[in-house]
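Have a look at the structure below, then the notes.
The values are calculated or read from the model by the stated rules, or taken from the named source; none is laboratory data. Fair warning: this is a prediction, and the values are worked out from it, not measured in the lab. Quick reminder, even Gly has a Cβ in these numbers, built from the backbone with ideal geometry, and neighbours come from all protein chains shown. Please note that ligands, DNA and RNA were not included when accessible areas were found on the heavy atoms of the full protein model with its side chains. Shrake-Rupley method; radii C 1.70, N 1.55, O 1.52, S 1.80 Å.
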Amino acid sequence: MADAHKAQGNEFFRNDRFAKALECYTKAIELDPKQGALYSNRSACYAELEKWMECYDDALECIKLRPDWPKAYYRYALALLKIHKINESRGVCNAGLALEADNKDLLSIKKQAMDKIVHHFKNASSIDFKMDVPPNDDFKIVASGKTAVGDVSDNAKFGTSIRSLLHVGVMMNFPKVVKDLVDKGVEVDKEDRMGLTPLHFAELIQNDAVLTAFGEKAKLQPLSSSHMATPGELREATQFASMQPDHTIKAAIKGSNVAKLSGMEFAKTFGCFYKRTQQLSIDWYQCMLSSVLDEEGQETVADPHKLMLSKSFRETKEESNLAIAYAGDDFGYGVFALEDFKAGDYVTCYSGVVRDKNAIKPSDQARTGLFMTIMPLDKMPFKTDATLYRSLGAFVNHSDTPNLEPHHVVVKASPMVLFVAKTDIKKGDQLSFDYRGRLHDVYCTNNIPNFKPLKPLDGATLAALCKL
């Protein structure tokens with residue numbers, strides 16, 4: 001029956017009767033909600049009708065069901081572009097192009113996204129000229145795309161933004177100007193007021209010609225003093241669906257044997273992409289470029305204990321000492337320790353996309369436990385959205401007597417929650433966390449009372465996972 005409605009919908013679509021086609025695809029989805037192509041087709045209808053949020057919702061379902069299908073990436077990238085999530089759109093295009101390098105639709109969307117990103121950074125640089133008198137005439141010359149004529153060795157900067165000539169050349173997207181300035185000795189690792197060097201901006205924009213213009217200096221990886229990220233880590237934080245690095249996750253799947261899952265296998269199994277690094281939404285981009293850390297944020301970055309935890313987060317290979325396993329029909333999947341942890345040890349993180357909480361539908365927050373409050377919302381009005389991008393921490397189940405506790409850090413350009421052992425954790429124990437106050441109140445009220453005491457992993461499954 002679903003295929004019949006789909007065929008009828010296709011006929012209506014070919015004849016530009018998009019509203020009728022949408023009705024047919026909706027009926028088909030009701031009968032077969034796991035068929036990704038149906039969401040793709042209905043997303044296309046919404047696109048023709050310019051209903052972009054509905055187009056986005058269906059494209060999201062499509063890519064969760066068909067993460068190996070280039071068309072799913074096209075549908076999702078188009079929807080993201082139309083709702084102004086331009087850096088996410090670019091990342092999704094890159095992931096789709098990794099599957100089909102010459103896909104014209106994806107190449108077209110990526111170009112449109114890149115044009116908007118370049119415009120965004122050019123506009124940010126132009127604001128410097130409106131706020132301040134340029135330190136010398138070369139700033140205006142570089143902003144016009146021409147080679148600086150004066151002595152650039154003094155590394156002059158804008159008074160307010162503290163951006164140099166090289167910042168201007170990168171943000172204005174002029175590869176030849178960048179090469180000339182680098183060749184003349186302008187320092188590439190000097191931070192602006194936001195703690196970002198020209199190399200950081202180059203990785204955010206991701207114009208390969210600009211990055212090439214840095215030559216050997218592009219290999220430098222200065223750590224931002226405020227965002228605690230190297231340039232390479234900024235690129236990692238804007239990859240989105242691209243599975244780089246492609247981690248291998250140990251898992252015991254319901255009705256199956258234990259296995260090591262590649263990034264694509266993980267996506268097919270769980271309907272999301274594995275990400276240990278927070279992905280930066282356009283909302284967070286704008287925050288990065290327009291504000292500096294307040295006193296509390298500066299204390300967070302400078303706190304020795306948090307710096308130690310951030311170091312552990314960077315260096316720990318939690319994919320080798322943790323596993324996802326089906327914990328029974330009452331719990332679904334959970335995360336289990338494959339080695340002992342002592343109280344105070346870093347264990348895992350909770351990551352996804354950093355979004356403005358006001359950009360997330362309240363109904364979605366009330367329905368699912370995948371929107372984590374990062375810090376007190378009066379200080380940091382952002383949440384981690386783990387709907388499509390997810391670390392092991394997002395699979396941790398609730399407990400009234402948790403063995404994990406949260407620590408807030410700023411690492412890899414984002415605020416995030418790191419889970420630290422609250423008590424000693426034994427090999428085979430299920431990880432747990434008290435989500436009250438972290439998830440939407442309605443979700444907590446409706447779901448937390450139903451959680452039962454968690455149990456450790458059975459011996460046979462534990463032994464099999466440890467052998468992987």
Quick check: anything in the stretch 285-299 open to solvent by less than 20 Å² (accessible area, probe 1.4 Å) and either acidic (Asp, Glu) or modelled with pLDDT of 90 or more (or both)? no
With the condition kept exactly as written, say whether any residue in the stretch 165-176 is polar (S, T, N, Q), out of contact with any Leu (no Cβ under 9 Å at 6 or more places or on another chain), surrounded by fewer than 15 Cβ atoms within 10 Å (Cβ to Cβ) and at pLDDT 90 or above. no
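Does Asp385 meet the test of being under 20 Å from the mean Cα position of the chain (by Cα), among the charged types (D, E, K, R) and on the phi < 0 side of the Ramachandran plot?
Numbers: under 20 Å from the mean Cα position of the chain (by Cα): yes; among the charged types (D, E, K, R): yes; on the phi < 0 side of the Ramachandran plot: yes.
In short, yes.
Evaluate the following for Ile425: is it at pLDDT 95 or above, aliphatic (A, V, I, L, M) and out of contact with any Pro (no Cβ under 7 Å at 6 or more places or on another chain)? Please lay out each step first, then the result.
Numbers: at pLDDT 95 or above: yes; aliphatic (A, V, I, L, M): yes; out of contact with any Pro (no Cβ under 7 Å at 6 or more places or on another chain): yes.
Answer is yes for this residue.
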Would you be able to tell me the number of residues in the stretch 423-468 that are of a type in the set (Val, Ile, Thr) and surrounded by fewer than 17 Cβ atoms within 10 Å (Cβ to Cβ)? 4
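Take the stretch 404-413 and flag every residue that is within 24 Å of Ser320 (Cβ to Cβ) and open to solvent by less than 20 Å² (accessible area, probe 1.4 Å). Give the derivation first.
Step one: filter the stretch 404-413 for residues within 24 Å of Ser320 (Cβ to Cβ), giving 404-407, 409, 411-412.
Scanning the stretch 404-413 gives Leu404, Val409, Val411.
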Need pairs with beta-carbon distance below 7 Å; first residue closer than 18 Å to Ile29 by Cα and in a helix (DSSP H, G or I) and within the stretch 39-52, second polar (S, T, N, Q) and open to solvent by 20 Å² or more (accessible area, probe 1.4 Å); sequence gap 6+ or separate chains. Arg42/Thr26
In the stretch 333-383, anything open to solvent by 20 Å² or more (accessible area, probe 1.4 Å), within 18 Å of Phe419 (Cα to Cα) and of a type in the set (Lys, Arg) is listed as Lys342
Is at least one residue of the stretch 66-73 of a type in the set (Phe, Trp, Tyr), free of Cβ contacts under 8 Å to residues at least 40 places away in the same chain, outside any helix (DSSP H, G or I) and farther than 26 Å from His120 by Cα? yes
Looking at the stretch 100-133 only, could you name the residues that are more than 18 Å from Leu81 (Cβ to Cβ) and in contact with a Phe, Trp or Tyr (Cβ under 7 Å, 6 or more places away or on another chain)? Asp128, Asp132
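Scan Lys104, Lys51 and give me the residue that is open to solvent by 10 Å² or more (accessible area, probe 1.4 Å), out of contact with any helix residue (DSSP H, G or I) (no Cβ under 9 Å at 6 or more places or on another chain) and not β-branched (Val, Ile, Thr).
Details: Lys51 fails: out of contact with any helix residue (DSSP H, G or I) (no Cβ under 9 Å at 6 or more places or on another chain).
Only one candidate qualifies: Lys104.
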Spot the failing condition for Leu31; the list is (1) closer than 30 Å to Leu204 by Cα; (2) of a type in the set (A, V, I, L, M, F, W, C); (3) open to solvent by 50 Å² or more (accessible area, probe 1.4 Å), and only one is missed. (1)
Exception for Gly393 within (1) open to solvent by less than 30 Å² (accessible area, probe 1.4 Å); (2) modelled with pLDDT under 95; (3) not in a strand (DSSP E or B) falls at (2)
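Could you list, in sequence order, all residues of the stretch 216-237 that are in a helix (DSSP H, G or I), open to solvent by less than 40 Å² (accessible area, probe 1.4 Å) and free of Cβ contacts under 8 Å to residues at least 40 places away in the same chain?
Going residue by residue through the stretch 216-237, those that are in a helix (DSSP H, G or I) are 216-219, 231-236.
Applying the additional criterion that residues be open to solvent by less than 40 Å² (accessible area, probe 1.4 Å) yields 218, 231-234.
Once the filter is applied, which keeps residues that are in a helix (DSSP H, G or I), open to solvent by less than 40 Å² (accessible area, probe 1.4 Å) and free of Cβ contacts under 8 Å to residues at least 40 places away in the same chain, the stretch 216-237 yields Ala218, Pro231, Gly232.
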Any pair with Cβ under 7 angstrom, 6 or more apart, that starts in the stretch 245-261 at a residue that is closer than 23 Å to Gln278 by Cα and at pLDDT below 85 and ends at one that is assigned to a loop (DSSP other than H, G, I, E, B) and among the small types (Gly, Ala, Ser): Asp246/Ser262
